[in-house]
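What follows draws every value from the coordinates through simple rules; no lab data is involved. From a predicted model like this one, the values you see are computed outputs, not experimental measurements. Reconstructed Cβ throughout: ideal geometry from the backbone, glycine too, with neighbour counts over all protein chains shown.
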Amino acid sequence: MRRLALALLLTVASTPLARAEDGYDLWLRYPRIDDAALLRSYQATVSSILVGGQSATSRIVADELTRGLTGLLGANVPVSRDLARDGTLVAGTPASSSVIADAALGAELRTIGDEGYLIRSSRVRGTRVTLIAANSDVGVLHGAFHFLRLLQTHQRIDALSVADYPRIQHRILDHWDNLDGSVERGYAGRSLWDWFKLPDYESPRLADYARANASLGINGTVLTNVNANATSLTPPYLVKVAALADVFRPYGLRVYLTARFSAPIEIGGLKTADPLDAQVRAWWHAKTDEIYRLIPDFGGFLVKANSEGQPGPQDYHRTHADGANMLADAVAPHGGIVMWRAFVYSETGNDRHKQAYTEFQPLDGAFRPNVLLQVKNGAIDFQPREPFHPLFGAMPRTPLMLELQITKEYLGFATHLVYLAPLFEEVLRADTYAKGEGSLVSKVIDGSLHGYTQTGIAGVANTGTDRNWCGSVFACANWHAFGRLAWNPTLSSADLADEWLRMTFTNNAAFVATVKQMMLSSRQAAVDYMTPLGLHHQMARGHHYGPGPWVAGGARADQTSVYYNRADALGLGFDRTETGTNAVSQYAAPVRDRFASLDRVGEDYLLWFHHVPWTYKMASGQSLWNELTARYCRGVESVRGMEGVWRGLEPFVDAERFDETRSFLAIQEKEARWWRDASILYFQTFSKQPIAPDACGPPADTLEHFMSINLRYVPGTNP
Ligand code: GCV
């Protein structure tokens, strides 16, 4: 036994410190400031911490500030009980802290709502202080993270005057997590919720998850998959949900559940789930009351109905509004909301692009005030590039919330380095022209365009039990970007990349500038090697890993690649103009006219809206065929560029994270070539034209070979 203990001791002692840099700490690393002058100025500004209040959240604030400042300043920063000396960092609300009350910030506090904060360099009672003030403890916590971020990114803190607040009310992560621990479209291990051990064991990781979200301002988490399992609403599971809610609450994170529409039948013993049936309505009311007894701040329900085989109100010839309103009535007395998804498409033969608009737009104004319609960024499905969803701007009387996908189902999973902030930014800044120029999607979802009383944004989470949380270090940049944009959708992808790099790796200017550039160009690289020029949904069937432009047949035409690429002897692309499905008609006039015009649509969406002859002359002067093959190769070349850049950065990065990224970039390069070779060989069978020599060389194998690849056991697919 003693020998075992000794062996253990030796193992621990000899474990290299690099363990600490395995990605677990995300952007919340607090290494000692390595710039001596800056360190001195920080030390002069902050020398003690005074946090008001006794709540669990206040304790978290004190712990975070202590941990952060002690790490960053390289010395213990003590917590004091009163305002004893210059250089005190005071955090609290006017109610929890007499110092904050004395600072008389009332007027400004009224402008920042419940979750916002003020950070001020000031003098109170003759003492030089930095104040983090808010109207609630959670607001103080958000402010504490902001303050630490300033130091983490090497900004000045001696003359601060910050006022910040969330522009969107419900900022939510959607987990597509199943009760068996698997995660649909998850590439980072298993679900973080260990349903089997809950409620008796709560992994410390749960608090770390909530802490990371709080640092971004995310305030809600939908625990269960939209492809829902009614079992999550049964008493044994509700107790587990309550345990999670208890852990998350002090971090300002509310829990939500998905509601399986047929639950009254499956777990309630009723014969129907008709939303207008009195017994069904009573069942949902009782179920909701039961949930709120356990979780008084339960957020509400997210529902996928009559979509991809999920049950819904249309099974009873009722509308989506009938279904949503029934649930809304049940949660309304408790202050809950219903997020009803607009991701619907059925086998009508109608262009899938048009179906959500066709079904939902006529229902504008028919929903209860506590219903938000959750609309994916584009009309198809989280593609590498999609035009914004035509519902944005088209439902002025129904709060629309935006659904983004953080997990990279269609963008190479966790191993491809694809920074999604430019994609998020592209949709947020898209102009719907619904009320003239400047009617941006961001203004639809922050409520300012139509005066929505509820506002929301959701991101399909990419977290799992992998030590680095997201399946790769760089994939976590997408969690960070989502959260920060949810807080303030006007932030720029460049600034967010800059911030994330400084916090995650180093403030070294050369490193930050180089990697930022790499991140910002990575999404276009993926578009180029997967689906250039507006192609979409060309991934392998089912699991969506790797190329499959030839995918045809099966149960649903609108889940195949040939449905979308429409390759034929004449050309390539989906005619969605008047001569085709006329999906363009769902957009406001200036957008519609631009998308409908072959000359004005632009190359990003060319093949999304037009069937274009192979010989069509592109802006470059090349034919469509030559441009297409050049784009695929450009994508491969971009990844090779990223590999080269990263190789030169070894001195700046710890071994573990450096090696992971280097290996993953090699995987990405291999798969980019796979995408390029397979795609151009397939499209060549229609264009019948030679592949012009380029830096990628001739395809490495035959089309038959690529078409014969049939992978099983791909992560993220349902068991
Ligand atoms: C949760 C796509 C995905 C499905 C997902 C669905 C949805 O079809 O492939 O895995 O299901 O979107 O968003 O509901």
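Listed conditions (1) of a type in the set (D, E, K, R); (2) farther than 18 Å from ALA230 by Cβ; (3) crowded, with 19+ Cβ neighbours inside 10 Å are all met by LYS304, apart from (2).
For residues in the stretch 620-673 being among the hydroxyl-bearing types (Ser, Thr, Tyr) and over 25 Å from the mean Cα position of the chain (by Cα), which is surrounded by the most Cβ atoms within 10 Å (Cβ to Cβ)? The selected residue is TYR632.
One residue stands out among those in the stretch 170-222 that are among the polar types (S, T, N, Q) and closer than 16 Å to ARG484 by Cα: the one that is farthest from the ligand (Cβ to nearest atom), which is SER215. For the stretch 113-168, the candidate set comprises residues that are more than 18 Å from THR88 (Cβ to Cβ) and aromatic (Phe, Trp, Tyr); within that set, the residue that is surrounded by the fewest Cβ atoms within 10 Å (Cβ to Cβ) is TYR165. Scanning the stretch 688-719 for residues that are aliphatic (A, V, I, L, M) and either surrounded by fewer than 11 Cβ atoms within 10 Å (Cβ to Cβ) or more than 16 Å from the ligand (Cβ to nearest atom) (or both) returns ILE691, ALA692, ALA695, ALA700, LEU703, MET707, ILE709, LEU711. Taking the stretch 675-719 as the range and being β-branched (Val, Ile, Thr) and over 30 Å from GLY181 (Cβ atoms) as the test, the residues that pass are ILE680, THR685, ILE691, THR702. Could you tell me whether VAL591 is of a type in the set (Val, Ile, Thr), surrounded by 14 or more Cβ atoms within 10 Å (Cβ to Cβ) and in contact (Cβ under 8 Å) with a residue 60 or more places away in the chain? Yes; evaluated as a whole, the condition is true for this residue.
Scanning the stretch 431-465 for residues that are of a type in the set (Ser, Thr, Tyr) and away from the ligand (no atom under 16 Å from the Cβ) yields THR432, TYR433, SER439, SER442, SER448, TYR452, THR453, THR455, THR465. For the stretch 423-435, a residue qualifies if it is buried (at least 21 other Cβ atoms within 10 Å of the Cβ) and part of a helix (DSSP H, G or I), and the qualifying residues are LEU423, PHE424, GLU425, VAL427, LEU428.
Residues in the stretch 348-360 that are within 14 Å of the ligand (Cβ to nearest atom) and among the basic types (Lys, Arg): ARG352 alone.
In summary, GLN310 fulfils each of the numbered conditions (1) at negative phi; (2) away from the ligand (no atom under 16 Å from the Cβ) with the single exception of condition (2).
The listed residues are ARG156, ARG128, ARG171, ARG167, and the only one of them that is within 26 Å of LEU501 (Cα to Cα) and not in a loop (DSSP other than H, G, I, E, B) turns out to be ARG171.
Pairs are defined by a Cβ separation below 6 Å, a sequence spacing of at least 6 or placement on different chains, a first member in the stretch 269-283 that is closer than 15 Å to ASN306 by Cα, and a second member that is in a loop (DSSP other than H, G, I, E, B) and of a type in the set (Phe, Trp, Tyr); the pairs so defined are ALA273/PHE261. Taken over the stretch 180-212, the criterion of being surrounded by fewer than 18 Cβ atoms within 10 Å (Cβ to Cβ) and either over 29 Å from PHE664 (Cβ atoms) or within 19 Å of the chain's Cα centre (by Cα) (or both) is satisfied by ARG190, PHE196, LYS197, PRO199, ASP200, TYR201, GLU202, ASP208.
Listed here are the residues, each with its yes/no results for (1) within 16 Å of the ligand (Cβ to nearest atom); (2) surrounded by fewer than 24 Cβ atoms within 10 Å (Cβ to Cβ).
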position	(1), (2)
SER346	yes, yes
PRO362	no, yes
THR398	no, no
LEU404	yes, yes
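Scanning the stretch 662-700 for residues that are under 28 Å from LEU533 (Cα atoms) and part of a helix (DSSP H, G or I) yields a count of 24.
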